[in-house]
Amino acid sequence: MKRLLISVSIAALSACGAQDNSNDIEPDTVSAAETELLLPLPDQTSPAIVSEDLAIRIKTLADDTFEGRGPGTEAGEASADWIAAEMARIGLSPAGEDETFFQTVKMVNQTVDTENSHFQLTKPDGTALPLTPKENVVFWTKHQDKNELSFDATDVVFVGYGSVAPEYEWDDYAGEDFSGKTVIMLVNDPGFATGDPELFKGKAMTYYGRWTYKFEEAARQGATAAIIIHETEPASYGWDVVSNSWSGAQSDLVRSDGGADRAMLEGWITRDTAEELFASAGLDLEALKQQAKSNSFTPVPLEGVKASGKISQSIDQLESRNVVGKLTGKVTPDEYVLYTAHWDHLGKKSEEKTGAPGEDFYQDQIFNGAVDNATGSAALLEIAEAMAADDLERSALFLSVTLEESGLLGSAFYAENPLIPHSQVVAGINMDGALPIGRTKDMVVVGYGASELEDILRDVLVEQDRVIKP
Ligand SMILES: [Zn+2]
């Protein structure tokens, strides 16, 4: 989720020989994970990259048994155990802590008590904008050292895309002081809005366009609260994704400062709600969006609008794991190519089931995440299996990360705590969501323009009569 698509045909980059020799599996390597598995490993897969192998792993990882692979949950962590055991079975060596396939990731789950919490926007005439959690607003806090937080009657300022990008001579905050204020901003970046390839890499999303950045920047500016206006096209996902993702328990890494470096409250509101709010202050959101496309934009106060918030939350300390295995190269073993794919998904939703099994409208509570990201995890294993059957020049590291859905946290943890020094990693390829709809002529690269690996990929695609798309 929150990503564009990348096809598993990137496996072609591994340039493996894919000989049809069967894996010589020592039975005791399977027990390397030293955990009883909830679902069996495949009994036969081929070192060639084939759809049958991908299918069996996707099916297993998306099985109800793993309950949507929620990090820190018993069923979710069981899927990480399964991946580790599968890494062992296909011939990877453990690359985690204490000669295991795991890297422990300490995390917290924060759950807002919506009954006893609120985020309120008051219009200039003193009336409250109707805000109903999940329906048109979601909010939370990254402060993880307090159960109760509140603020009252802050000024509200529109800050365009909320970006400070010196390389584009861009500063949506224009050097003003935002301490004690609530900032409200647009999703994605000006490059997406204008399509200008010279600006924030055009349609390709930059880090400035991601919600993680926007909240981080708002905090750097000293804001008390930071709100993003949801719009489906620039977000690339609908409001349902926002409301599902940011309700119930929210996971985070354990923060050394308890979250003090973040705004007190973060959240999203719907576009319609934002329009009503702006109109109440005599502003036209669509006109402001036009202004926000230019680096001459300066922050626009919503005169007379005030924001207040109160959060009451529970905080649980948990552990999740990144799963990591490796293959050692024959020529330059100290050089690594890193393959990553997140194993986690959204777990279970809190709502009741609707309908009954077999009925058209039946919905259970499990977010199975077959596409996002059982496909990428299956591709990671399939590439690893192919490479294990080959003589590699470089070493390869296969990292299946946790807590992606909560904001790339497993990756962030690994980046801060690498198991192989970053200086020894020459390339990295992440896979998130392989297309389930069959072959395509174009292949989407997330973060297009950031890597010379694209030149290699382009050559591979040319041979397949295919093209790269940002
Ligand atoms: Zn994903």
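Observations on the structure shown:
- Per residue of the chain, the DSSP helices (runs of n ≥ 4 H) give a summed -39500 (n - 2.57) that works out to -6000 deg cm²/dmol at 222 nm.
- Here the gap between Asp257 and Lys106, fully extended at 0.36 nm per residue and compared with their Cα-Cα distance, gives a gain of 52.9 nm.
- For the chain, with +1 on Lys and Arg beta carbons and -1 on Asp and Glu, the positive-most of Leu453, Met387, Val159 along the dipole: Val159
- Excluding same-chain neighbours fewer than eight residues apart, the lysines reachable from Lys59 by a Cα-Cα span under 20 Å are Lys348.
- Sequence-distant residues sharing a close amide H with Phe102 (under 5 Å, placed H): Gly96, Glu97, Val324
- Straight-distance crosslink candidates among lysines, where the alpha carbon sits under 19 Å from Lys469 and sequence neighbours closer than 8 are dropped: Lys2, Lys201, Lys203, Lys441
- Given charges at beta-carbon only (K, R positive; D, E negative), |dipole| of region 110-315 in Debye: 320
- Principal-axis tilt of helix 271-280 within the chain, Cα atoms, nearest 10 degrees: 20
- Region 68-205 shape via C-alpha gyration tensor axes, a/c threshold 1.5: oblate
- In plain terms, the chain from Ala287 to Glu135 could stretch by 52.2 nm, reckoned as 0.36 nm per residue minus the Cα-Cα distance.
- Taking every protein chain into account, the accessible area of region 366-425 amounts to 30 square angstrom per residue (probe 1.4 Å).
- The largest accessible area among Glu167, Glu405, Glu74, Glu216 belongs to the first residue in Glu74, Glu167, Glu216, Glu405, and the rest follow in falling order (1.4 Å probe, all chains).
- Exposure of Val426 as accessible area (Å², to 10), given a probe of 1.4 Å and all protein chains: 70
- Separation of alpha-carbon centers, region 410-470 and region 324-343, rounded to whole Å: 15
- Under 5 Å from the amide H of Leu392 lie the amide H atoms of Lys330, each residue being 5 or more positions distant or on a separate chain, with H modelled from the backbone and absent for Pro and chain starts.
- Accessible area of Tyr207 in the full protein assembly, 1.4 Å probe (Å², nearest 10): 100
- Under a model in which nothing but the beta-carbon of Lys, Arg (+1) and Asp, Glu (-1) is charged, region 119-165 shows a dipole of about 160 debye around its Cα centre.
- With all protein chains kept in place, the per residue accessible area of region 110-315 amounts to 40 square angstrom at a probe of 1.4 angstrom.
- Nitroxide proxy distance, nm - points 7 Å out along Cα→Cβ at Ala153 and Leu39: 5.6
- Accessible heavy-atom area order of Arg220, Arg57, Arg439, Arg466, highest first, probe of 1.4 Å: Arg439, Arg220, Arg466, Arg57
- With R₀ fixed at 51 Å, the C-beta to C-beta distance from Glu303 to Asp334 puts the FRET efficiency at about 0.25.
- DSSP-defined beta bridges in region 110-315 - what % are antiparallel, rounded to 5: 60
- Check: the chain dipole with +1 on Lys, Arg Cβ and -1 on Asp, Glu Cβ, in debye: 880
- Between Lys469 and Asn116, the C-beta separation translates, for a Förster distance of 51 Å, into a calculated FRET efficiency of about 0.65.
- Prolate/oblate/rounded call for the chain, Cα gyration tensor, a/c under 1.5 rounded: prolate
- Computed from Cα atoms, the angle from the helix 51-61 axis to the main principal axis of the chain rounds to 60 degrees.
- Relative contact order (percent, whole number), the chain, Cα cutoff 8 Å, 6+ residue spacing: 26
- DSSP bridge orientation in the chain - percent antiparallel, rounded to nearest 5: 60
- As a fraction of the 1.4 Å probe accessible area of region 110-315, surface on carbon and sulfur atoms comes out at 48 percent.
- Ordered from highest to lowest accessible area with the whole protein assembly present and a 1.4 Å probe, Glu233, Glu319, Glu266 read as Glu233, Glu319, Glu266.
- Nitroxide proxy distance, nm - points 7 Å out along Cα→Cβ at Ala450 and Thr65: 3.5
The values are calculated or read from the model by the stated rules, or taken from the named source; none is laboratory data. Predicted, not measured: the structure shown is a model, and the values here were computed from it. Glycine also receives a Cβ, built like all others from the backbone with ideal geometry; neighbour counts cover every protein chain displayed. With ligands, DNA and RNA removed, areas are computed over all heavy atoms of the protein, side chains included. Shrake-Rupley method; radii C 1.70, N 1.55, O 1.52, S 1.80 Å.
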